[in-house]
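Student: I have a structure here, written as structure tokens, and I will follow up with some questions on it.
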């Protein structure tokens, strides 16, 4: 009797271990599958190293935005203004460098400072007036977008210092632009902080149980505020990389990053560490989505597919994570 | 009283007690929650803290945990050193005091190990977490206290007793590592949701940590548990210390007497006997949550009280009848028509003539909306308003209701939240009673209602009975049940333990039944 129970128990545990593993690496496998499918359909264009390395390098901006998003998301807050901060920062670099004539380093520093300022203001309203971060950052995003349109005269500004362009996209290591490595290093840093520091653990508790966190002695308000500042800062970093990627800045394009970043953040939370916003999962999710879209455009599908793909992915990702949670509840 | 009841608790005990409180009082507005309370916990002692709801138990714990500031004059000594109240949040660890509250402060979706470490990580900035080492340390810790828990498992996969054990081990381990000379654990009702067999695991753990030098304050409703685990126990009644006893020297009856106090004659408050008609509403085989196979028949105009200790399940019955809580099975028969309770929804219940007044007023009304809007909600779209809401007519109706229910101040345009608790409750009752219900489901109808308004609330409920409604009232306020009920059903671990009828109903009889009902083999009694 006891033997039988422990046998089925063991079988059950083995099956559970397989399910866990499949879940952790499911997205990675799906990414590989997408590459294989498009590779078979368009072996010469899609599978070329030039194409793959371009995908890796050009999407560094989206990776950084996604990484910025998962920090407040882990703490239970949304930052919808991050894409507008990206545009603000890119435009500031361009305006200060090209129109005002500041050296590129000074322009970058000012752009990053502007990002931090936006984060401080977001946090101020969220913490002091207890307004939901969704609302604060929604308003803030539109506000600074207006600000950006105003100081840039709604113009696309090209001619950003070639030094920046070189540091971001022209210089390649192993054939891949430096931008990719910047994003990768950032992901690794966040991964370390999330997984191996006290701050990462505090963040997790702030997001999952504010009351538990407070009773454990965590300064919940300071953590949440800090997260909003870091996400805005990373939005500004993404803006700098954006300006470096195309050597110019235009006052609208940053906004197209918001939805893909959310889709990638939630999709990433279904893999590597399922149920948690995690940087490695996020990076994989970004490249999974981008590979899909690049493949479709090589097949000659119209551009509206991009919206279908990103919008659909966001809903599918959130649904998947809901199913994961529901299954865990049923296990009890 | 008894010889075993020491006049001055702590006198002649360990010269340096772990904790000594003297002259602790606490007022909330005009109400005195604690009056000159004293408490002494000796080193290595398990000290029980007992009392009914409202006896001041939780206020005492909240003063100790720094949540409430006591009235001036209260004194506290920890290990013989006087400490100012309230204790600031950061000081507990250095004082060697740790709390385990009923909700345990665990995040279910995170792992055991993460929950174990968060207390340290909240105060220590560590930049290199050694997960392997911490896992091994957690395994050692669990092995030492006989817990079969995998540190990597999410807390939500643990059983309730494992969660409680984890919370206690976590608290004690923190104290032990902070090298507190005399650690004190305050366990605030850690057992109400545990089955009896699991409580023994918890006690084994408490004995182990006491053997390792800890002292424990064990707050509980359950006399048997207090008798099983504590060395001494302090009983609070009406905010005062009713007595401190050496547990093994007194019987259960002595403790019950201390908790309940002298029998108060409540007959004066009770309405005159009424002859009740034949049953018209029948609930049969209701099961869900901890509640198992509950059946009840009600006559028109009858008030049935449901009660029991926390965790006995009495408080979820009315929500299940109304379709507001998950129900496994059961039927509701009104006038011969039988309805499946597993498929019940609030909308269907309302259509059948049932209304539900939740105890938590935030579930029953919206404080930021006007009294008038709250009262009008059930009649919107019921002919009265139709498609276009006639606000003037609704306001007139609401004003009339305010007059009849004596809702003060007489301005139904005021936000509900600006009224006193009693007047808010009158408005909430009016909101539902004005739709002429057949079956009224009440949950703690006078919680947070002052004494004067209480009598009015009782009268409103009685008036509804006279109009032919049947009432089921879930409450842990025995005085209120004694004043209202024709029958009181006492629950224990999800089943009916005792039913009190007619003259057998009194505050002390209900309290006694609740505290005794944990005993096995309690037969149904009737008067």
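Student: Restricting the search to segment B:130-155, which residues are crowded, with 17+ Cβ neighbours inside 10 Å and within 12 Å of chain A (Cβ to nearest Cβ)?
Tutor: Passing the criteria: B:154, B:155.
Student: Go through (1) in a loop (DSSP other than H, G, I, E, B); (2) in contact with a strand residue (DSSP E or B) (Cβ under 7 Å, 6 or more places away or on another chain); (3) within 14 Å of chain A (Cβ to nearest Cβ) one by one and return the number of the condition residue B:167 breaks.
Tutor: For residue B:167, the exception is condition (1).
Student: Right, something else. Can you tell me which of A:134, A:80, A:67 is within 20 Å of the chain's Cα centre (by Cα), within 22 Å of residue A:207 (Cβ to Cβ), in contact (Cβ under 8 Å) with a residue 12 or more places away in the chain and surrounded by fewer than 20 Cβ atoms within 10 Å (Cβ to Cβ)?
Tutor: Only one candidate passes the filter, namely A:134.
Student: I'd like to check which helices (runs of 4 or more DSSP H) are fully inside segment A:195-268 and have at least 2 residues that are under 23 Å from residue A:150 (Cβ atoms).
Tutor: Answer list for segment A:195-268: A:220-246.
Student: Do you know which residues across segment B:338-362 are part of a strand (DSSP E or B), closer than 13 Å to residue B:438 by Cβ and over 26 Å from the mean Cα position of the chain (by Cα)?
Tutor: B:339, the sole residue that qualifies.
Student: Here's something else I'd like to know. Going through segment A:107-131 one residue at a time, which ones are surrounded by fewer than 21 Cβ atoms within 10 Å (Cβ to Cβ) and more than 19 Å from residue A:148 (Cβ to Cβ)?
Tutor: Residues satisfying the conditions are A:124, A:125, A:127, A:128, A:129, A:130, A:131.
Student: Given the residues A:191, A:150, which is the only one that is out of contact with any strand residue (DSSP E or B) (no Cβ under 9 Å at 6 or more places or on another chain) and within 14 Å of another protein chain (Cβ to nearest Cβ)?
Tutor: That would be A:191, the only listed residue that is out of contact with any strand residue (DSSP E or B) (no Cβ under 9 Å at 6 or more places or on another chain) and within 14 Å of another protein chain (Cβ to nearest Cβ).
Student: Where residues in segment B:106-120 are at pLDDT 85 or above and at the interface with another protein chain (Cβ under 8 Å from one of its Cβ atoms), which of them is surrounded by the most Cβ atoms within 10 Å (Cβ to Cβ)?
Tutor: Residue satisfying both the conditions and the ranking: B:118.
Student: Return only the number of the condition from (1) in a helix (DSSP H, G or I); (2) over 19 Å from the mean Cα position of the chain (by Cα); (3) surrounded by fewer than 23 Cβ atoms within 10 Å (Cβ to Cβ) that residue A:154 does not satisfy.
Tutor: In the conditions (1) in a helix (DSSP H, G or I); (2) over 19 Å from the mean Cα position of the chain (by Cα); (3) surrounded by fewer than 23 Cβ atoms within 10 Å (Cβ to Cβ), residue A:154 misses (1) alone.
Student: Being in contact with a strand residue (DSSP E or B) (Cβ under 8 Å, 6 or more places away or on another chain) and in a helix (DSSP H, G or I) is the filter here; which residues of segment B:363-377 pass it?
Tutor: B:364, B:371
Student: Please go through (1) under 25 Å from residue B:234 (Cβ atoms); (2) in contact (Cβ under 8 Å) with a residue 24 or more places away in the chain; (3) within 11 Å of another protein chain (Cβ to nearest Cβ) for residue B:98 and return the number of the only condition it doesn't satisfy.
Tutor: It fails just one condition, (3).
Student: Which of the residues belonging to segment B:62-91 are within 14 Å of another protein chain (Cβ to nearest Cβ) and on the phi < 0 side of the Ramachandran plot?
Tutor: Once the filter is applied, which keeps residues that are within 14 Å of another protein chain (Cβ to nearest Cβ) and on the phi < 0 side of the Ramachandran plot, segment B:62-91 yields B:62, B:65, B:67, B:87, B:88, B:89, B:90, B:91.
Student: May I ask you to verify whether residue B:125 is touching a helix residue (DSSP H, G or I) at 6+ places or on another chain (Cβ under 8 Å), modelled with pLDDT under 90 and assigned to a loop (DSSP other than H, G, I, E, B)?
Tutor: Here the answer is yes, as residue B:125 does meet what is asked.
Student: OK, next. Might you let me know whether segment B:189-200 holds any residue that is in the same structural domain as residue B:26 (by TED's automatic domain parsing), crowded, with 24+ Cβ neighbours inside 10 Å and farther than 15 Å from residue B:55 by Cβ?
Tutor: Among the residues of segment B:189-200, at least one is in the same structural domain as residue B:26 (by TED's automatic domain parsing), crowded, with 24+ Cβ neighbours inside 10 Å and farther than 15 Å from residue B:55 by Cβ, which makes the answer yes.
The values are calculated or read from the model by the stated rules, or taken from the named source; none is laboratory data. Note that the coordinates shown come from a computational prediction; the quantities given were computed from them, not determined experimentally. Reconstructed Cβ throughout: ideal geometry from the backbone, glycine too, with neighbour counts over all protein chains shown.
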